[in-house]
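Notes follow the structure.
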Amino acid sequence: MADRTTFRNPVLGGDRPDPAVIKVGGEYWMTYSSFEAAPGLLLYRSRDLVNWTYECAALPEPLGSTFAVDIAEHDGRFFIYIPFIPAPWSPLTAPSIFVIHADSMAGPWSEPIDLGIRWAIDPGHVVGEDGRRYLFVNGIRRIALTDDGLATDGELEQVYDGWRYPDDWITEAYALEGPKLFRRGDWFYLVSAVGGTGGPPTGHMVIVARSRSIHGPWENSPHNPVARTTDASQTWWSRGHATMLPGPAGDWWMISHGYENGYRTLGRQILLEPIAWSDDGWPLGVRGDIGADVEAPAGAAAQRPPAAYHDDFSTLRLGERWAFHAPQPGETARLALDDGLVLSGKGTGPGDTSPLAVLTGDHSYEVEVDLELVGDDAEGGLLLFFNDRLFCGMGIDAERMRSYAGGHVTHWREPAPAVRRLQLRLRNDEHIVTGWYREPGGQWTRHAIRYEVSGYHANTMADLLSLRPALYAAGKGAVRFRDFRYRPLG
């Protein structure tokens, strides 16, 4: 027998929380919570569960902050059930579940349809033994769907109260959520998360219950939890929000998310691990700490390493590479391709300007861009951006360089030239951030101040995001960006 290749978690690096996965023929499709990013619900495809390729965005303009979804296939049609959460720019007044649908996972996807479900998140779709379609949501509650899956048929009802872990376990909160359901043999399996997705490293965990009927009663696994970080010395923290599904060779695998020990700044990344089955039909986690090499699914290709890239902005790679943070409807109207990427100004500075950001899963990396101010009253720059309250980096306004740290412009006056065009570089070396600047063709000058950003994460800000390289344009003018470069280090 040929040797199986190995992989190392994450299988998809960077902030990609609450993965939802479906197997379509010999392929797998996955998306994840995109929160206030637009485009949203980025779809990735894989044949081996280890290597994933971006295909498209299912949600060009979210209606609110996009929480954990579920993907379903029924009678040859595909559905994504989406909880939207009110945001400052959103017309929603309560958490609301919508659905989009398509003939193919590659789209095109429909406009969102309101299911009328309020104050619920984390939908999980299933077809019962009665042939009817249902959504399970946090709580765990359930509501019936019409046969076409595009409307509800009844009211939410409580159906499962979860599995209670010992009270002395250190968690964030009980928080029964993330139901994902599947059928194997004579059993329906309900996979949920408890313990809270943030907070202590040992909080989040994966639990399982089963029933011979979609109507219950639900029996908790004697092996719960199936996955949990038991000690903060382990590589992956807060493991949860899992989907279990058969692999390419019929064996079983679990995809979940977790924070990397020491790198909460990268957000919740996507984890893969094998599942075994007990003699009496319960799924079992077979590895405790999943930070070491793991034997890959049969036939898997070698895991692709992180790659450098250069964006010359000859095309607009929205979704595949760039996404707006907290955009208002129609935000893409700010973009134009004209000898680079021209981004119209918005707001007064990084915090209220809806910057364009890229995800990263690397511990150390360098980003670089050439920027030019267009018109009067413009400011543009290069950031490491967590949210509108926490970022660092530098920008120019034709009169001086503005330096940002901790989400504020600093008192430091960097002696950069008062110019309208400058090249900027930021290096994040295991949380130590160094900046440089130069006029085109000149010598690089190091910014006098370095920053330490290990605290730029969700537990600091109570916001489930990550630290991302970003471009911003503020004011009434515009900024032209050329030659963005990303390079992993080490």
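The numbers here are math on the coordinates, done by the rules we state, and not lab data. Because the structure is a prediction, the values reported are computed rather than measured. Neighbour counts run over all protein chains shown; Cβ positions are idealised from the backbone, glycine included.
Each label point was placed 7 Å from the Cα along the Cα-to-Cβ direction; for residue 420 and residue 23 their separation is 5.9 nm.
As a rough guide to protection, the peptides 322-329, 457-464 ranked by mean Cβ packing within 10 Å, highest first, stand as 322-329, 457-464.
Go through 19-30, 346-357, 63-74 and give me the packing order, highest mean Cβ count within 10 Å leading. Write down the numbers at each step before the final one.
Values: 19-30: 18.2, 346-357: 21.2, 63-74: 23.2.
Ranking the peptides 19-30, 346-357, 63-74 by packing returns 63-74, 346-357, 19-30.
Centre-to-centre separation between the Cα atoms of the stretch 288-334 and those of the stretch 129-150: 32 Å.
Estimated from helical segments only, the mean residue ellipticity of the chain at 222 nm is 0 deg cm²/dmol, where each DSSP H run of four or more residues counts as -39500 (n - 2.57).
A cut-off of 5 Å between modelled amide H atoms, ignoring neighbours fewer than 5 places along the same chain, links residue 364 with 430, 489. Taking other C-beta atoms within 10 angstrom as a stand-in for reagent exposure, 476, 180 fall in the order 476, 180, fewest first. Taking only alpha carbon atoms, the stretch 252-383 gives an Rg to Rh ratio of 1.11, where Rh is the Kirkwood radius. Here's the list of lysines a cross-link from residue 346 could span, going by alpha-carbon distance under 26 Å and ignoring same-chain residues fewer than 8 apart: 476. Could you list, bin by bin from short to long, the percent of Cα-Cα pairs of the chain in 10 Å steps? Result returned by the calculation: 4, 20, 29, 25, 14, 6, 1, 0.
Can you list the lysines whose alpha carbon sits under 28 Å from that of residue 180, skipping same-chain ones fewer than 8 residues off? Within the straight-line cut-off, residue 180 pairs with 23.
Placing unit charges on the Cβ atoms of the charged side chains and taking the dipole of the stretch 371-490 about its Cα centre, the candidate lying farthest along the positive direction among 471, 458, 443 is 443. Normalising the average separation of contacting C-alpha pairs (under 8 angstrom, six or more residues apart) by the number of residues puts the relative contact order of the chain at 14 percent.
Compactness check for the stretch 6-295: Cα Rg over 2.2 N^0.38 Å is 0.93. When the chain is described by a simple charge dipole with +1 on each Lys and Arg Cβ and -1 on each Asp and Glu Cβ, the residue from 185, 21, 272 located farthest towards its positive end is 272. Extending 7 Å from Cα along the Cβ direction at residue 174 and again at residue 251 yields two label points whose distance is 3.7 nm.
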